[in-house]
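To keep things clear, I will list the structure first and then write my remarks on it.
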Amino acid sequence: MLKIDQLHAAIEGKEILKGFSLEVKPGEVHAIMGPNGSGKSTLASVLAGKEDYEVTSGSVSFNGKDLLEMEPDQRAGEGLFLAFQYPVEIPGVSMVNFLRTAVNAVREYRGQEPLSAGAFLKLMKEKKHMVDLDSDLTKRSVNEGFSGGEKKRNEIFQMAMLDPKLVILDETDSGLDIDALRIVADAVNKLRNEERSFIVITHYQRLLDYIVPDHVHVLHQGKIVKSGGKELALELEEKGYDWLKEGALGV
Amino acid sequence: MAEEKLLEAISEDEKIIQEVTGQKYKYGFVTDIESDKAPKGLNEDIIRMISAKKQEPEFMLEYRLRAFKHWQKMKEPNWAHVQYPPIDFQDIHYYAAPKQKPQLNSLDEVDPELLKTFEKLGIPLQEQKMLAGVAVDAVVDSVSIKTTYKEKLAEKGIIFCSFSEALQEHPELVRKYMGTVVPHTDNFYAALNAAVFTDGSFVYIPEGVRCPMELSTYFRINEQNTGQFERTLIVAEAGSYVSYPEGCTAPQRDENQLHAAVVELVAMDNAEIKYSTVQNWYPGDPETGKGGIYNFVTKRGICKGRNSKISWTQVETGSAITWKYPSVILKGDNSEGEFYSVAVTNGRQQADTGTKMIHIGKNTRSVIISKGISAGKSQNSYRGLVRMMKGAENARNFSQCDSMLIGNQCGAHTFPYIEVGNPTAKVEHEATTSKIGEDQIFYCNQRGIDTEKAVGLIVNGYCREVLNQLPMEFAVEAQKLLSISLEGSVG
């Protein structure tokens, strides 16, 4: 589904990703962990197509297509969804309006008919229920005045609405208390299936207690320095990252 | 269910956004109607001719001639933050009327070309009007072709007719109020208008009557080189209410077209007038600015009575040059003035627009919400005056002027003037300037929304406070205009 090969990317001339490679198959959940500044969020931004980042070499293929050639909105149409670490506020634009525009834009890209008002409403109700989202939030402006937890839950809700193939969760656990974390994780688990893949970017092992990954990778200085199963996350929790940093430097 | 309603409105939004993607100025066409036109130039004879054509009462001709004499002594204002080549006032036709019999019994009698024009503009002249609950007084090149709903309004004693008709049928009312809010000596363009105005609308709401529908006029400039000089007068007697939406589009032209309208509003005790404008005149070529409309308008209302209220709402996306300051004179105690404005400039457009709130009475209140959006190589200025006169005990004003910049070749300017002559009066002014957020656009992109649509969404959100003030069907049109006018401005 996703194949990243020797990816190098820079921001303002500074190279952050230095030969990052990863393959994600349908239905897999990959956790990417690593210390601050290792390039986790850069990876998310580059995959989503944020303009500030420059890909200097390497390739990314998504469902057999060259992801790096696509505009960000096309990537979304292809089924890539990024749950933002810091969801953006759009004052004056209601969630309903925003989402309906998004859902129908993505449907159009996929060659589907736009949803009628009734069908959209029905879908929204269903997904809201699924992610346990307060009804009131959809009437408010996009992320405006939302608490940290509400913002993150809202990201998951949008994910459910847009029916993506690959989801990147960028530090979705940051700023969440344990209850909110559980709600978000439950929603993600409900959306897991054999076709949909996830890349879970996180600093802490905590989230992985709830969203259990198939693979865990440690990112350090712009590339993966260690990969393993879910037990690797526990090991990291116990030992920290320093032993890997030393190891990486030694390689 | 509220949510369902919301959705209906949204699906409407969306249709619109889809509809407008990739469109150039949609209304750039010219209708071929034979036209009865005065020779170019301006002198007493032309004014006499206009007055005679319209079979006006003697006082009107005298008024025009007085205004003309005064105008000849005046100079064109040059303090606005706009630039344009000098206008040759002798190179303009001051009168043009479609060759039509003015009295028509049904639409079948209307020139089919004209009907086609209405259709292209989407003016709901027929059945849609009833559904929409809008009575339309359509003005094509200075002559009113058809006025609707008149009988229904007449039952309530409401007068809604063309200015020419008002001069025939209600000369005493016109004489009593015309020029009392914007005198013919007020400014260069108001004087010119007073001398040569050809038509417009007249509204009279009798005491205690709440006008049961939106009273709407569509303006259209349709004849090459014809200056359009509209004149509107709305009088709301004690305890009455009226909402008056005004919308306009003009065909694409190569020569600049001058538009100098005058609008006067009079609100008596406890009366309320809500005046909304959506303006979409041809803004000129996006690269050169050539061919756009010059919009030099004087709009002013007076809250003459106690507890009266006048509210101006405008969404301005068109015209090459805009020079416009809808104002309120708050004379009656406890009276209230509002100004809600969205001004969008793109390409080479220049706008100098704002308001004046003149507080005379006690406990008078005013609110100014101005949202300026500049894109392309345009210049967008807010210019506003808040004046608290000596007697304005406890008067209050709140002003909020926000500017949004799209791209880095445009300009946004704010010129607030505050004069406080009473120590108990309070004036608050807030101003912000922001660039359209790249993060916001990226967020929309990531959800599958392309940049063009994203800008439309974000800008509509930014203007929400103002759009909310518009009558429903107008709000939809306004959103459409915002998206159209910013096409191609990002990326």
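Counting just the residues of the stretch B:452-479 that are open to solvent by 40 Å² or more (accessible area, probe 1.4 Å) and under 21 Å from residue A:99 (Cβ atoms), which one comes out nearest to the other protein chains (Cβ to nearest Cβ)?
B:464
Could you say whether any residue in the stretch A:114-129 is modelled with pLDDT of 95 or more, more than 10 Å from chain B (Cβ to nearest Cβ) and over 26 Å from residue A:148 (Cα atoms)?
So far as the stretch A:114-129 goes, no, none of its residues is modelled with pLDDT of 95 or more, more than 10 Å from chain B (Cβ to nearest Cβ) and over 26 Å from residue A:148 (Cα atoms).
Looking only at the stretch B:270-297, count every residue that is closer than 22 Å to residue B:345 by Cα, open to solvent by 10 Å² or more (accessible area, probe 1.4 Å) and among the polar types (S, T, N, Q) and tell me the total.
Final tally of qualifying residues: 2.
Can you tell me how many residues in the stretch B:406-434 are more than 30 Å from residue B:482 (Cα to Cα) and free of Cβ contacts under 8 Å to residues at least 12 places away in the same chain?
1
Could you count how many residues in the stretch A:189-213 are in contact with a strand residue (DSSP E or B) (Cβ under 9 Å, 6 or more places away or on another chain) and open to solvent by less than 70 Å² (accessible area, probe 1.4 Å)? Spell out the reasoning first.
Our first condition is that a residue be in contact with a strand residue (DSSP E or B) (Cβ under 9 Å, 6 or more places away or on another chain); within the stretch A:189-213, this holds for A:191-192, A:196-205, A:207-208, A:211-213.
Remaining after also requiring open to solvent by less than 70 Å² (accessible area, probe 1.4 Å): A:191, A:196-203, A:205, A:207-208, A:211-213.
Selection size over the stretch A:189-213: 15.
Return the residues of the stretch B:219-234 that are at pLDDT below 95 and closer than 30 Å to residue B:307 by Cα; say none if nothing qualifies.
Once the filter is applied, which keeps residues that are at pLDDT below 95 and closer than 30 Å to residue B:307 by Cα, the stretch B:219-234 yields B:230, B:231, B:232.
Test residue A:144 against the stated conditions and say whether it is open to solvent by 70 Å² or more (accessible area, probe 1.4 Å), modelled with pLDDT of 90 or more and closer than 24 Å to residue B:462 by Cβ.
So residue A:144 passes the test.
Does the stretch A:56-75 contain at least one residue that is more than 8 Å from chain B (Cβ to nearest Cβ), among the β-branched types (Val, Ile, Thr) and open to solvent by 10 Å² or more (accessible area, probe 1.4 Å)?
Yes, there is a match, as at least one residue in the stretch A:56-75 is more than 8 Å from chain B (Cβ to nearest Cβ), among the β-branched types (Val, Ile, Thr) and open to solvent by 10 Å² or more (accessible area, probe 1.4 Å).
So residue B:361 ticks every box in (1) open to solvent by 10 Å² or more (accessible area, probe 1.4 Å); (2) touching a residue at least 40 places away in the same chain (Cβ under 8 Å); (3) part of a loop (DSSP other than H, G, I, E, B) but one. Which box is left unticked?
Looking at each condition in turn, residue B:361 falls short on (1).
Take the conditions surrounded by 15 or more Cβ atoms within 10 Å (Cβ to Cβ), at the interface with chain A (Cβ under 7 Å from one of its Cβ atoms) and touching a residue at least 12 places away in the same chain (Cβ under 8 Å) and apply them to residue B:446. Does it pass?
no
Which one of the conditions (1) free of Cβ contacts under 8 Å to residues at least 60 places away in the same chain; (2) assigned to a loop (DSSP other than H, G, I, E, B); (3) over 21 Å from residue A:203 (Cα atoms) does residue A:37 fail to meet, given that it meets all the rest?
Status for residue A:37: all satisfied but (3).
Here is a list: B:337, B:372, B:354, B:332. Which entry is free of Cβ contacts under 8 Å to residues at least 40 places away in the same chain and surrounded by 23 or more Cβ atoms within 10 Å (Cβ to Cβ)?
On the way: B:372 fails: free of Cβ contacts under 8 Å to residues at least 40 places away in the same chain; B:354 fails: free of Cβ contacts under 8 Å to residues at least 40 places away in the same chain; B:332 fails: free of Cβ contacts under 8 Å to residues at least 40 places away in the same chain.
Result: B:337 is the single residue among B:337, B:372, B:354, B:332 that is free of Cβ contacts under 8 Å to residues at least 40 places away in the same chain and surrounded by 23 or more Cβ atoms within 10 Å (Cβ to Cβ).
Identify the residue in the stretch B:143-188 that is among the hydroxyl-bearing types (Ser, Thr, Tyr) and touching a helix residue (DSSP H, G or I) at 6+ places or on another chain (Cβ under 8 Å) and, among all such residues, is modelled with the highest pLDDT.
Checking each candidate, the answer is B:185.
Give the residues of the stretch A:77-99 that are open to solvent by 10 Å² or more (accessible area, probe 1.4 Å) and in a helix (DSSP H, G or I), sorted by residue number.
Matches in the stretch A:77-99: A:78, A:97.
Let me spell it out: the conditions are (1) buried (at least 16 other Cβ atoms within 10 Å of the Cβ); (2) touching a residue at least 12 places away in the same chain (Cβ under 8 Å); (3) within 14 Å of chain B (Cβ to nearest Cβ), and residue A:52 meets all of them except one. Which number is the exception?
Just one mismatch for residue A:52, condition (1).
Checking the structure you have, find out if any residue of the stretch A:25-39 is modelled with pLDDT under 95 and touching a Gly at 6+ places or on another chain (Cβ under 8 Å).
There is at least one residue in the stretch A:25-39 that is modelled with pLDDT under 95 and touching a Gly at 6+ places or on another chain (Cβ under 8 Å).
Here's the yes/no breakdown for (1) out of contact with any Leu (no Cβ under 6 Å at 6 or more places or on another chain); (2) under 30 Å from residue A:169 (Cβ atoms):
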position: B:408; (1), (2): yes, no
position: B:413; (1), (2): yes, no
position: B:427; (1), (2): yes, no
position: B:430; (1), (2): yes, no
position: B:433; (1), (2): yes, no
position: B:443; (1), (2): yes, yes
position: B:446; (1), (2): no, yes
position: B:452; (1), (2): yes, yes
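The values are calculated or read from the model by the stated rules, or taken from the named source; none is laboratory data. Owing to the predicted nature of the structure, the values given are computational and were not obtained by experimental measurement. So basically every Cβ, Gly included, is an ideal-geometry build from the backbone, and we count neighbours across all protein chains shown. Note: accessible area is taken over every heavy atom of the protein model, side chains too, but ligands, DNA and RNA are not part of it. Shrake-Rupley method; radii C 1.70, N 1.55, O 1.52, S 1.80 Å.
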